[in-house]
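Please read the structure below before turning to the comments.
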Amino acid sequence: MPTPPPGGGDGPLVPAAITAAGLRKSYGDKVVLDGIDLHIPAGSVFALLGPNGAGKTTAVKILSTLVTPDAGQVRVAGHDLATDGHAVRAAIGVTGQFSAVDGLITGEENMLLMADLHHLSKREGRETAAELLARFDLADAAKKPASTYSGGMKRRLDIAMTLVGAPRII
């Protein structure tokens, strides 16, 4: 569902990147999400904040199709989560709170692995990897094992890896 432009007014409507209505999830007797509603406009930056145990990770897992909700309707990038999970996964990139970087291989190899997972051709994979490594100021370290990277470098590599598939929503 489109939303008014930032700041209101009569400008063009902005499509929603994510909508959720009545999102619920329990694990046994423990209710972790109790009727969450979200409306996140496309092109916006959204933060999900709350104390430990508030359900933030569960919400992200549901929105990324890793966990099935007990109730509610969710649309991500215009796709119904319940009926078109494949299209949702094709439209998103997820960078978790813990790095997905493999320290045993180089930064470039991590990027090329992601390119392979996204079924990019060898040429396109190498071009994408090189562009993102340069964009994240990692080109000089690309041939070094990721285990030698600083914490900040690993985080930048992790985010660059998320962008390999050119997701519409991160």
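The values are calculated or read from the model by the stated rules, or taken from the named source; none is laboratory data. Computed from a predicted model, the values in this text were never measured in an experiment. Counting neighbours? That spans all protein chains shown, and the Cβs are built from the backbone with ideal geometry, glycine included.
The residues of the stretch 24-67 that are closer than 20 Å to residue 88 by Cβ, touching a Gly at 6+ places or on another chain (Cβ under 8 Å) and not aliphatic (A, V, I, L, M), listed by number, are 24, 25, 37, 56, 65. Right, residue 164: surrounded by fewer than 18 Cβ atoms within 10 Å (Cβ to Cβ) and touching a residue at least 12 places away in the same chain (Cβ under 8 Å) or not? Here the answer is no, as residue 164 does not meet what is asked. All of 17, 87, 21, 54 fail the test of being at negative phi, at pLDDT below 95 and either of a type in the set (A, V, I, L, M, F, W, C) or not in a loop (DSSP other than H, G, I, E, B) (or both), apart from 54. Selection over the stretch 122-136 of residues that are surrounded by 16 or more Cβ atoms within 10 Å (Cβ to Cβ) and among the small types (Gly, Ala, Ser) gives a count of 2.
Residues checked against (1) over 30 Å from residue 41 (Cα atoms); (2) out of contact with any Lys or Arg (no Cβ under 6 Å at 6 or more places or on another chain); (3) surrounded by fewer than 18 Cβ atoms within 10 Å (Cβ to Cβ):
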residue: 57; (1), (2), (3): no, yes, yes
residue: 70; (1), (2), (3): no, no, yes
residue: 77; (1), (2), (3): no, no, no
residue: 84; (1), (2), (3): no, yes, yes
residue: 120; (1), (2), (3): no, yes, no
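Each row is one residue, and each column tells you yes or no for (1) surrounded by 13 or more Cβ atoms within 10 Å (Cβ to Cβ); (2) outside the structural domain of residue 134 (by TED's automatic domain parsing); (3) more than 25 Å from residue 164 (Cβ to Cβ).
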position: 29; (1), (2), (3): no, yes, yes
position: 39; (1), (2), (3): yes, yes, yes
position: 54; (1), (2), (3): yes, yes, yes
position: 87; (1), (2), (3): yes, yes, no
position: 100; (1), (2), (3): yes, yes, no
position: 112; (1), (2), (3): yes, no, no
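Of everything in the stretch 57-76 that is part of a loop (DSSP other than H, G, I, E, B) and of a type in the set (A, V, I, L, M, F, W, C), the residue that is nearest to residue 25 (Cα to Cα) is 67. When the stretch 62-108 is limited to residues that are farther than 19 Å from residue 48 by Cα and charged (D, E, K, R), the one that is nearest to the chain's Cα centre (by Cα) turns out to be 89. Return the residues of the stretch 58-87 that are in contact (Cβ under 8 Å) with a residue 24 or more places away in the chain and out of contact with any strand residue (DSSP E or B) (no Cβ under 9 Å at 6 or more places or on another chain); say none if nothing qualifies. 60, the sole residue that qualifies. In this structure, does residue 120 turn out to be over 17 Å from the mean Cα position of the chain (by Cα) and either within 25 Å of residue 79 (Cβ to Cβ) or in the same structural domain as residue 47 (by TED's automatic domain parsing) (or both)? Answer is yes for this residue. Mind telling me which of the residues 106, 128 ends up being touching a strand residue (DSSP E or B) at 6+ places or on another chain (Cβ under 9 Å), more than 30 Å from residue 26 (Cα to Cα) and β-branched (Val, Ile, Thr)? That would be 106, the only listed residue that is touching a strand residue (DSSP E or B) at 6+ places or on another chain (Cβ under 9 Å), more than 30 Å from residue 26 (Cα to Cα) and β-branched (Val, Ile, Thr).
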